[in-house]
Amino acid sequence: MQPVNDEGAGEARDLIDFRHGTFCAPVVGMQQITNAAPRAVSSWPHQVGTIPAQAACFQDRAEVARLVAALSDGGGMAVVTPVASVGVVVGMGGVGKTQLAAHYARSLWRSVQLDVLVWITAATGGAVVEGYAAAAAEIVGIDEIDPARAAAMFLAWLEPKAGQKPCRWLVVLDDVSDPADMDGWWPPASPTGRVLVTTRRQDAALTTGRRHIPVGVFTPGESLAYLTHALPPSEAPAQLAALAQDLGHLPLALSQAAAYLTDTTTPVAEYRQLLRSRTQLCDAAPDKLPDGQRLAVAATWSLSIEHAARLRPPDLARPLLQLAAFLDPNAIPEAVLTSRPARAYLAGHRSRARATDATDESPEQPEVPEHEARLALSTLRRLSLIQHDPTTPQTAVRVHQLLQRAVRDTLTPDQFDETARTAADALLAAWPDVETDTVLAQALRANTAVLTDFAEAALVHPDAHSLLYRTGRSLGEAGQVSAARQYFDRLTSAAMARLGPDHPDTLTARHYLAYWQGEAGDVVGAASSTAELLADRLRVLGPDHPDTLTARHYLAYWRGAGAAGDVAGAAAALAELLADRLRVLGPDHPDTLTTRADLTFWRGRLGDLPGAATGTGELLADRLRVLGPDHPDTLLARHNLAYWRGKSGDTAGAATAFAELLADFLRVLGPDHPSTLLARHNLANWRGEAGDAAGAATAFAELLADSLRVLGPHHPATLVTQEYFAHWRGQADGASGGVR
């Protein structure tokens, strides 16, 4: 069962969340700044998203010219009519739609015909919105918390405006799978803008009123040209033409065959014989292709995978490809496929393969070395089974969806579930405790979404995998609190359906749903939901279960939070909880220490400043002893002790303590962690309270720039920083007679 992460509700708020903490002295005459410096806008030209690498032996086929003609007036600029500015490349899987779009985008970019290029892998509606939101942040400087609002702002920015410098832009929406995902999200018509969509769908909702560019298999001449260029000149043209015919002229199958032939130096005639022996694999091929192509894809992949399994390091390529088949086809972080769970999965498959070889006396390994996992990736790349670009580790690996489907379809139900949960283990292992890399965090969430789409049953039953909770928390911690609430609402429904209402994991999902309900602003609703959860945990788990005690903890917090919160009631409830946690968990358990911290916090809110300072000092000594000096909870205790010191009148001492604390936050958590930003906030404020208004104003100006960059202009923390900057700037101006 996934344990509840009991960080301490009130205490954690004071450290991390600017909405409910009391980290600074009250400031009079504060006003929100509207002219604060926005995030720096990128200069043109600028590219958002990664264009897929060009395939070896790319064919400059007839469709290339048709695409250029559809989106151009012949003079290098998009035509004025909205019909001509949108092209939809349509074709079945494996014909090279993405490669065609990538070639077009790359050609315009390299010939300096674009100011802005946005490439979005648009397999889901959420991916479209996140892609637009990323463009809003990078190009326009919009750091809106809500991705949908940021996306709408970016589309509004694309609208041509009188007096504005013309921007030549191209938006590529690759692999749109559902026309409904584009409802309300089409870029606007513009005399200098172009839109390119690739899709397998031919729905009128996608193609009506837009330039339709159908893409099929290679012509016989294109197939022959491709194989002639890819293979040694010793092969007879007649054999190459026959091979192309065998493979139905499908570009994807041709590339697989060429990679296999190049790596093995197998004669074409012999390879054709191998293909003919694989007709029984037709049923394992994807059903999105005509019969001839289905056979071609299944046979070529089967041969390539078997060959990859024999290459160094042996017996690793196939299971690694199986893991990749459960993840995002467009962007798998390399760290996921080289994580410890992934390498343990590889070791298990290697052990089973060697168990059939009586002469193999190699010792078993709990996990293969990381360098062998990387070699296996290289092997898969050699045979064109994956694309692998180590220079972009967050999105290093791409796998064709048809190959993923074919690989998954070869697994038994038990193998399917095992691989799905291993993929979840690998994603969780690659997920950092502190998300400082937003690209990586987005990629991990996207991979989880893909995995959940077709393996939800394996992830929820017989128990809910911890990855499901981590993904929702990631959304919330990234500022998408409404999205986190919606995510846990869906997870709660799934757990209810598959595990039942009384399963501990269903109760945990409800816990997180209530938490993000409160984070999204519904404090009263969060308190009500937590009260209902507490009643069910008491009935199912009993009064002394750690999760029951956690529900009591958060119920106390939500009842004390907010402008009309019952602070005295929260303190009384935590005092009762502390007695039970001491009895059940003992004095040194982290949850017991957290309850002590929150009780001290609320008593300080009631006005007992000396008691709050004394209690926090005693807590700090225990956390140093139990957790060590660099544990986040220890740093948190130091933070609150410095705060109560300042509230008690020692403003200079508080400023000194926060300066020392900031150095440790920077060392332990890094410069962009919310706790580090908060320590800077408090240091600046207490510096002003100690008499240095000008220094406080300067520090807040620097902090505001970083808050805008890290959290965005609408995050509550940024808004409060703006208010304090305005206050101390006003104080500094007053002290200097208005001269700056």
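The values are calculated or read from the model by the stated rules, or taken from the named source; none is laboratory data. Remember, predicted model here, so these are calculated numbers, not experimental data. Note: ideal-geometry Cβ built from the backbone for every residue, glycine included; neighbour counts use all protein chains shown. Just the protein is used for accessible areas: all its heavy atoms, side chains included, with ligands, DNA and RNA removed. Shrake-Rupley method; radii C 1.70, N 1.55, O 1.52, S 1.80 Å.
In this structure, is Arg583 without any contact (Cβ under 8 Å) to a residue 60 or more places away in the chain, out of contact with any strand residue (DSSP E or B) (no Cβ under 8 Å at 6 or more places or on another chain) and over 30 Å from Val460 (Cβ atoms)?
On the way: without any contact (Cβ under 8 Å) to a residue 60 or more places away in the chain: yes; out of contact with any strand residue (DSSP E or B) (no Cβ under 8 Å at 6 or more places or on another chain): yes; over 30 Å from Val460 (Cβ atoms): yes.
Here the answer is yes, as Arg583 does meet what is asked.
Answer with yes or no whether His673 is without any contact (Cβ under 8 Å) to a residue 40 or more places away in the chain and surrounded by fewer than 20 Cβ atoms within 10 Å (Cβ to Cβ). Explain how you work it out, then say what you get.
Numbers: without any contact (Cβ under 8 Å) to a residue 40 or more places away in the chain: no; surrounded by fewer than 20 Cβ atoms within 10 Å (Cβ to Cβ): yes.
Considered against the rule, which asks whether it is without any contact (Cβ under 8 Å) to a residue 40 or more places away in the chain and surrounded by fewer than 20 Cβ atoms within 10 Å (Cβ to Cβ), His673 comes out as no.
To keep it simple, each residue is scored yes or no on (1) closer than 24 Å to Pro393 by Cβ; (2) more than 13 Å from the chain's Cα centre (by Cα); (3) modelled with pLDDT of 90 or more; (4) open to solvent by 30 Å² or more (accessible area, probe 1.4 Å).
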| position | (1), (2), (3), (4) |
| --- | --- |
| Leu459 | no, yes, yes, no |
| Arg470 | yes, no, yes, no |
| Ser482 | no, yes, no, yes |
| Ser493 | no, yes, yes, yes |
| Asp505 | no, yes, yes, no |
| Ser528 | no, yes, yes, yes |
| Asp536 | no, yes, yes, yes |
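Can you tell me which residue is modelled with the highest pLDDT among those in segment 701-740 that are open to solvent by less than 40 Å² (accessible area, probe 1.4 Å) and of a type in the set (Ser, Thr, Tyr)?
Per the stated criteria, the residue is Tyr724.
Can you tell me which of Val118, Val90 is within 30 Å of Leu383 (Cβ to Cβ), of a type outside the set (Gly, Ala, Ser), open to solvent by less than 10 Å² (accessible area, probe 1.4 Å) and at pLDDT 90 or above? Write out each step before concluding.
Numbers: Val118 fails: within 30 Å of Leu383 (Cβ to Cβ).
Answer to the selection: Val90.
Filter segment 684-700 down to the residues that are in contact (Cβ under 8 Å) with a residue 12 or more places away in the chain, in a helix (DSSP H, G or I) and open to solvent by 40 Å² or more (accessible area, probe 1.4 Å) and list them by number.
Across segment 684-700, the qualifying residues are Arg687, Glu689, Ala694.
Got a number for residues in segment 366-394 being buried (at least 19 other Cβ atoms within 10 Å of the Cβ) and within 21 Å of Gly93 (Cβ to Cβ)?
Residues in segment 366-394 being buried (at least 19 other Cβ atoms within 10 Å of the Cβ) and within 21 Å of Gly93 (Cβ to Cβ): 6 in total.
Considering only segment 588-633, how many residues are within 38 Å of the chain's Cα centre (by Cα), free of Cβ contacts under 8 Å to residues at least 40 places away in the same chain and either closer than 19 Å to Leu661 by Cβ or surrounded by fewer than 20 Cβ atoms within 10 Å (Cβ to Cβ) (or both)?
Residues flagged as within 38 Å of the chain's Cα centre (by Cα), free of Cβ contacts under 8 Å to residues at least 40 places away in the same chain and either closer than 19 Å to Leu661 by Cβ or surrounded by fewer than 20 Cβ atoms within 10 Å (Cβ to Cβ) (or both) within segment 588-633 amount to 16.
Could you identify the single residue in Ala253, Ala241 that is open to solvent by less than 10 Å² (accessible area, probe 1.4 Å) and in a helix (DSSP H, G or I)?
Matching residue, one of Ala253, Ala241: Ala253.
Which members of segment 160-187 meet the condition of being at pLDDT 90 or above, under 22 Å from Val112 (Cα atoms) and either open to solvent by 40 Å² or more (accessible area, probe 1.4 Å) or more than 25 Å from the chain's Cα centre (by Cα) (or both)?
Scanning segment 160-187 gives Cys167, Arg168, Trp169.
For residues that are within 30 Å of Ala717 (Cα to Cα), free of Cβ contacts under 8 Å to residues at least 60 places away in the same chain and charged (D, E, K, R), tally how many sit in segment 133-181.
Qualifying residue count, segment 133-181: 1.
Yes or no: segment 640-647 includes at least one residue that is of a type in the set (S, T, N, Q) and either open to solvent by less than 60 Å² (accessible area, probe 1.4 Å) or not in a helix (DSSP H, G or I) (or both).
Kept after step one, since they are of a type in the set (S, T, N, Q), are these residues of segment 640-647: 640.
Pick out the ones that are also either open to solvent by less than 60 Å² (accessible area, probe 1.4 Å) or not in a helix (DSSP H, G or I) (or both) and you get 640.
Checked against the condition, which is being of a type in the set (S, T, N, Q) and either open to solvent by less than 60 Å² (accessible area, probe 1.4 Å) or not in a helix (DSSP H, G or I) (or both), segment 640-647 yields at least one hit.
Checking Ile305 against (1) assigned to a loop (DSSP other than H, G, I, E, B); (2) surrounded by fewer than 24 Cβ atoms within 10 Å (Cβ to Cβ); (3) modelled with pLDDT of 90 or more, only one condition comes out false. Which one?
Result: Ile305 fails condition (1) only.
One line per residue, one yes/no per condition, for (1) under 24 Å from Ala526 (Cα atoms); (2) at pLDDT 95 or above:
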residue	(1), (2)
Val540	yes, yes
Leu549	yes, yes
Trp558	yes, no
Ala563	yes, no
Arg605	yes, no
Ala612	no, no
Ala621	no, yes
Asp630	no, no
Leu635	no, no
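Of everything in segment 563-599, what is over 19 Å from Thr634 (Cα atoms), among the small types (Gly, Ala, Ser) and assigned to a loop (DSSP other than H, G, I, E, B)? Give them in sequence order.
Selection gives Ala563, Ala564, Gly565.
Under 8 Å between Cβ atoms, which residue pairs at least 6 apart in sequence (or on different chains) link something in segment 558-578 that is under 20 Å from Glu532 (Cα atoms) and among the acidic types (Asp, Glu) with a partner that is open to solvent by 40 Å² or more (accessible area, probe 1.4 Å) and at pLDDT below 95?
Once the first residue is under 20 Å from Glu532 (Cα atoms) and among the acidic types (Asp, Glu) and sits in segment 558-578, its partners that are open to solvent by 40 Å² or more (accessible area, probe 1.4 Å) and at pLDDT below 95 give Asp566/Arg559.
Restricting to segment 132-166, name every residue that is of a type in the set (Asp, Glu) and touching a Gly at 6+ places or on another chain (Cβ under 8 Å).
Residues of segment 132-166 of a type in the set (Asp, Glu): 138, 143-144, 146, 159.
Scanning segment 132-166 gives Asp143, Glu144.
How do the helices (runs of 4 or more DSSP H) wholly within segment 135-235 filter down when requiring 1 or more residues that are at positive phi: which remain?
Numbers: elements: 147-158, 204-207, 220-230.
So the answer is none; nothing clears 1.
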